[in-house]
Amino acid sequence: MSGAANDSSDNKIVLSGLCKAFGKNEILRGIDLAVPRGKSMVVIGGSGTGKSVTLKCILGLLEADSGSIQVDGHETMALKGADRDELMKKFGMLFQGGALFDSLKIWENIGFGLIHGQKVSKKQAREIAIEKLQDVGLKPEVAELFPAELSGGMQKRVSLARAIATKPEIIFFDEPTTGLDPIMADVINELIVKCVKQLGATALSITHDMASVRKIADYVAMIHEGRIIWCGPVADLDRSGNPYVDQFIHGRADGPITNHTRF
Amino acid sequence: MQAQAQQDSSQKAARSLNPVNAVLNCFRYVGGGLLSFMEAIGNLTFFMARALGHCFSPPFFPSQVARQIIDIGYYSLPVVGMTALFTGMVLALQSYTGFTRFNAESAIAGVVVLSITRELAPVLAGLMVAGRVGASIAAEIGTMRVTEQIDALRTLSVNPFKYLIAPRVIAGTLMLPILVLIGDIIGVMGGYIVSIYRLGFSPASYLSQTWEILEYMDVMSGLYKAAAFGFIVSVMGCYHGFYSQRGAQGVGAATTNAVVSASILILICNYVLTQVFFS
Ligand SMILES: Nc1ncnc2c1ncn2[C@@H]1O[C@H](COP(=O)(O)OP(=O)(O)O)[C@@H](O)[C@H]1O
Ligand SMILES: [Mg+2]
């Protein structure tokens, strides 16, 4: 089913049959997805189709009902406590809303994982934070501000800096460009490509911004009604032959995807 | 179509009129309510045990504890102080009106100091802090939940129980006894001011009457109560914030629930502890 390499040793993350329901509301109904090591996979799909829920299940922030989640070939569904904390060190995440800690200064936000997770000294964490700020194109003066003092685009950049500061092996981007103007969106896309390349990380992103997909994706997967209905290299996106994918990438109101009429 | 609907509704009416069904429905409502109530109690107990466990196991976040001690302790001083002052003053005034009828004015000092230390300072301080601190804890943690900051903590390998909840519970439990001790002093002072300057008592005899009647256990029982109330306020704030529903409405409801449930628990706990200490 997945167009990505199927040899499990080449896959960083493998999801199979992942199911998640909130009460009677079945969101994920058997997600099968393999993310190749060192590549960038982008998941597309309409709003409310469970893209964020999928990421949160992989991170263990939500408990999946059934299925399997393998990271580096190890099953992670049942991990708890210290084992889970250890696994978390492999991940970095850029949240949809930024999720910066608003009681902490910008540099403390960026250095948070270093100070508390990796026991780096405050002074050193501050230096690394300022370095990361420059990586995402912000001035060092920003370090002393609080998140509420920044614009949306700047907050996204700071979140990106926080996500990459601990040098994770896997980075998740949840709608990195939503709510930004097209130019700022492109800046963020380029930063994502650059940072992922620099770290040699595996990236799993969520978006419904097609410009973003074409810029950051190696592979694309489309989620619809709780399943992955198409997955392949980004080059095949325009000749997928899948009517759902075609409707989505061209943003047409009429087609096989009719969910929106229900609301 | 219409006939069908009519038949349906008449069937429904017949079913609910059937006495057996009525009784069963009654059981269902009561049982369902009871079950969800027990579930809430269970969840809360589990949450309290978890919060306590994390207070005593490393890693600790001393800077977070210090920050909460200032927030919860220091900034509550004016509220608790004012409450104690005016309560002490009104106590002296009220007991004077009553006691002059029995020529028992000399008992006023005792009434003031015992009511303040045993009951009024801990309970009123607990309730005031529930309103001030419980609400702000619930709002802050609820907002962090809603804006995914708690998820972000976990992705950065920091346990939110250790970083957010334990410091608040520690600070709440430690600071409320200190606030109450200060409240005790200010409350007695309030009674003193009214007795001396308004009711014309002699300062020396008022103070000696106060000391005579006061026992170690009167003050200590109040401080134990205060520690329990501080724990209740901070845990209820954390609990409602942590499980806040999504959206601004969710945070609003969490705040209200934190204050209401903490206040009620304080009153219940006060009765239980009084029974334990003085019987
Ligand atoms: N914690 C939760 N509790 C209940 N329902 C949730 C929760 N998180 C997400 N959902 C529901 O799951 C669905 C998918 O959410 P989400 O994954 O955030 O969508 P998206 O694909 O836009 O990221 C939504 O309909 C949402 O209502
Ligand atoms: Mg989402």
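Computed quantities for the displayed model
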| quantity | calculated |
| --- | --- |
| Selected residue (criterion: farthest from residue A:192 (Cα to Cα)) from residues of the stretch A:21-56 that are surrounded by fewer than 21 Cβ atoms within 10 Å (Cβ to Cβ) and more than 14 Å from ligand 1 (Cβ to nearest atom) | A:30 |
| Answer residue from the stretch A:246-260, given it is more than 25 Å from residue A:183 (Cα to Cα) and within 16 Å of ligand 1 (Cβ to nearest atom) and is surrounded by the most Cβ atoms within 10 Å (Cβ to Cβ) among those | A:257 |
| Condition broken by residue B:145, with the remaining ones in (1) within 14 Å of chain A (Cβ to nearest Cβ); (2) within 19 Å of residue B:95 (Cβ to Cβ); (3) not small (Gly, Ala, Ser) satisfied | (2) |
| Residue in the stretch A:57-69 that is over 27 Å from residue A:191 (Cα atoms), acidic (Asp, Glu) and within 14 Å of chain B (Cβ to nearest Cβ) present | yes |
| Residues of the stretch A:49-94 satisfying the condition of being within 16 Å of ligand 2 (Cβ to nearest atom), touching a residue at least 12 places away in the same chain (Cβ under 8 Å) and in a loop (DSSP other than H, G, I, E, B) | A:49, A:50, A:62 |
| Test: residue in the stretch A:179-187 that is touching a Lys or Arg at 6+ places or on another chain (Cβ under 9 Å), farther than 24 Å from residue A:114 by Cα and within 16 Å of ligand 1 (Cβ to nearest atom) | yes |
| Residues that are more than 15 Å from residue B:51 (Cα to Cα) and among the hydroxyl-bearing types (Ser, Thr, Tyr), drawn from the stretch B:219-257 | B:221, B:224, B:244, B:255, B:256 |
| Selected residue [open to solvent by less than 60 Å² (accessible area, probe 1.4 Å), at negative phi and touching a residue at least 24 places away in the same chain (Cβ under 8 Å)] from B:158, B:169 | B:169 |
| The lone exception for residue A:96 - which of (1) away from chain B (no Cβ under 14 Å); (2) within 11 Å of ligand 1 (Cβ to nearest atom); (3) crowded, with 17+ Cβ neighbours inside 10 Å it fails | (1) |
| Verdict on residue B:197 being in contact with a Phe, Trp or Tyr (Cβ under 7 Å, 6 or more places away or on another chain), open to solvent by 50 Å² or more (accessible area, probe 1.4 Å) and at negative phi | no |
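The values are calculated or read from the model by the stated rules, or taken from the named source; none is laboratory data. Since we're looking at a predicted model, the values are computed, not measured. Using ideal geometry, Cβ is built from the backbone for each residue, glycine included, and neighbour counts are taken over all protein chains shown. All accessible areas refer to the heavy atoms of the entire protein, side chains included, with ligands and DNA or RNA removed. Shrake-Rupley method; radii C 1.70, N 1.55, O 1.52, S 1.80 Å.
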